[in-house]
Amino acid sequence: MSFPKNFYWGGATAANQLEGGWQEGGKGVSISDICTGGTADRSKRITPEIEEGTFYPSHEAIDHYHRFREDIALFAEMGFKMYRFSIAWTRIFPNGDESEPNEAGLRFYDELIDECRKYRIEPMITISHYEVPFGLTKKWNSWTDRRQIDCYLNFCRAIFTRYKGKVKYWLTFNELNSATSAVGGLLNQGILNEIRPMDFMEQVDVPQNRFQGLHHQFLASALAVKLAHEIDPEYQIGCMQIMATSYGLTCKPADQLANQKQNQIMNWFCSDVQCRGKYPNYIRRYFRENGIEIQMEPGDEEILLAGPVDFYTCSYYMSGCQTADPEAKKGKGNLLGGVPNPYLKASDWGWQIDPEGLRYSLNEIWDRYQKPIFVVENGLGAYDKIDEDGKVRDDYRIEYLKSHICQMHEAVLDGVDLRGYTPWGCIDLVSASTGEMAKRYGFIFVERYDDGTGDFSRRRKESFYWYRDVIETNGEAVL
């Protein structure tokens, strides 16, 4: 009664959060490169012009660009079967709109992929993970413009062709549904409605732009699926969503309706389009009530219908509650709205810990789409410290991951076709939401701090050895 025989255990990262080397090898400027550091209580800032003397965590990150061989060797020591990472768009097309790819960038990922294959680690590559070229933001406000589709497909064509025979699994966009909320405008889509310095959490939001941008991303994803299958029929292309599990706060019908609406827009809209190939009926009322008019061209609906993804992936960290009560207190750290669940504890960042919510969500996803599922992000951001004896004792992380793995196993017993699990930030990296190193997720501690100090050295945490046992026993060590 363990996990499936060929289950993919591994870990996940993103280029902009660990690579560094932001101006090396011909790389251009991405939207992550113009974001300063922040904290749990102070928003990171967006600065269209790089400010002298200001700390930009992505510029060096954890220096994976120069240390990837060491890192992959550590992943192999844990027994990884899969490593999910992203290709930085601006390493391949520095401004985003070049006609020919940057050879130095392609060679870097040649070496990274080959290093994975040396240890028999299956790569799963996210094509666009929170690092849209800033050149396209300045040129036409990124995904608000339909011309961005061709730039994205040019990027896809370059990497699909280059890495044919070496990579099987691809994800078109990271957490695409983040763009249904204001925070996803710049983070996901590279949309900056006013190019000026501002707090990341106070972006100038234009919902029409976000949802028009999503339409263009839906088309780009569908066309990428078609392109990938033409280049290599063995390619498997997936979507990637935030699974922001939520419950009605009470059994009041109004709370249940509020929760249903939240689930429709946040959790199902984007994946309905990407998995089913068409816009769901419920979104029409939402568009009408929010003054959103999607500009479609003839043939768009046919493109979407012809390009559903092959599999579904998601991140899962926490759950929340929804209520129709406008006076209810919002939860700390919940970027996506909602109120705290009185039955759950929270992390230091206010994210409520809900392992059973993962089982619940996996069943909902499977019943809805009947497509293979991977949980490609899950984990606990925490303030780790090095003890006097040089060890990092992160029992709290082990407990978090153990409880979620057990609930994934329950979902497998329920009949869910779950194929893999790649916990987030398998090595410490820069937080996407707050721009800090202090929020650590990894099995591997990196000597890098929020004041820019640290020698980038790596050390194994206690969770490193625990996860190695989990993989070696195919999960039985925690069941």
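Any read-out appearing in this document is the output of simple, stated calculations on the displayed coordinates, not a laboratory observation. On a predicted model such as this, the values are computed, not experimentally measured, just so you know. When we count neighbours, we look across all protein chains shown, and the Cβ atoms used for this are built from the backbone with ideal geometry, even at glycine.
Can we say PHE80 is more than 28 Å from TRP143 (Cα to Cα), surrounded by 22 or more Cβ atoms within 10 Å (Cβ to Cβ), touching a residue at least 40 places away in the same chain (Cβ under 8 Å) and aromatic (Phe, Trp, Tyr)?
yes
May I ask you to list pairs of residues, at least six apart or on different chains, whose Cβ atoms are under 7 Å apart, with the first in segment 416-428 being within 15 Å of PHE374 (Cβ to Cβ) and the second being hydroxyl-bearing (Ser, Thr, Tyr) and surrounded by fewer than 22 Cβ atoms within 10 Å (Cβ to Cβ)?
Close Cβ pairs satisfying both conditions: TRP424/SER315.
I need the full set of residues from segment 443-457 which are assigned to a loop (DSSP other than H, G, I, E, B), touching a Lys or Arg at 6+ places or on another chain (Cβ under 7 Å) and crowded, with 19+ Cβ neighbours inside 10 Å, in order please.
PHE443
Mind listing whichever residues of segment 239-253 are among the aliphatic types (A, V, I, L, M) and either out of contact with any Ser or Thr (no Cβ under 8 Å at 6 or more places or on another chain) or closer than 22 Å to ALA432 by Cβ (or both)?
Those that are among the aliphatic types (A, V, I, L, M) and either out of contact with any Ser or Thr (no Cβ under 8 Å at 6 or more places or on another chain) or closer than 22 Å to ALA432 by Cβ (or both): MET240, ILE242, MET243, ALA244.
For segment 17-56, what are the residues that are in a loop (DSSP other than H, G, I, E, B), closer than 15 Å to ARG196 by Cα and basic (Lys, Arg)?
LYS44
Report, by residue number, each residue of segment 354-383 that is part of a strand (DSSP E or B) and either in contact with a helix residue (DSSP H, G or I) (Cβ under 7 Å, 6 or more places away or on another chain) or surrounded by fewer than 24 Cβ atoms within 10 Å (Cβ to Cβ) (or both).
Selection gives ILE373, VAL375, ALA382.
Which residue pairs have Cβ atoms closer than 7 Å, lie 6 or more positions apart in sequence or on different chains, and pair a first residue in segment 222-235 that is in contact (Cβ under 8 Å) with a residue 24 or more places away in the chain and within 14 Å of VAL167 (Cβ to Cβ) with a second residue that is part of a helix (DSSP H, G or I) and among the small types (Gly, Ala, Ser)?
Listed pairs, sorted by first residue: TYR235/ALA228.
Which residues, taken from segment 73-84, are over 20 Å from the mean Cα position of the chain (by Cα) and either outside any helix (DSSP H, G or I) or farther than 16 Å from ILE471 by Cα (or both)?
Selection gives GLY79 alone.
Determine which member of the set ALA244, ALA258, ALA254, ALA220 is over 18 Å from ILE373 (Cα atoms) and buried (at least 24 other Cβ atoms within 10 Å of the Cβ).
None of the other options fit; the residue is ALA220.
Return yes when GLY21 is surrounded by fewer than 22 Cβ atoms within 10 Å (Cβ to Cβ) and within 24 Å of GLN189 (Cα to Cα) and no when it is not.
Yes: the conditions hold for GLY21.
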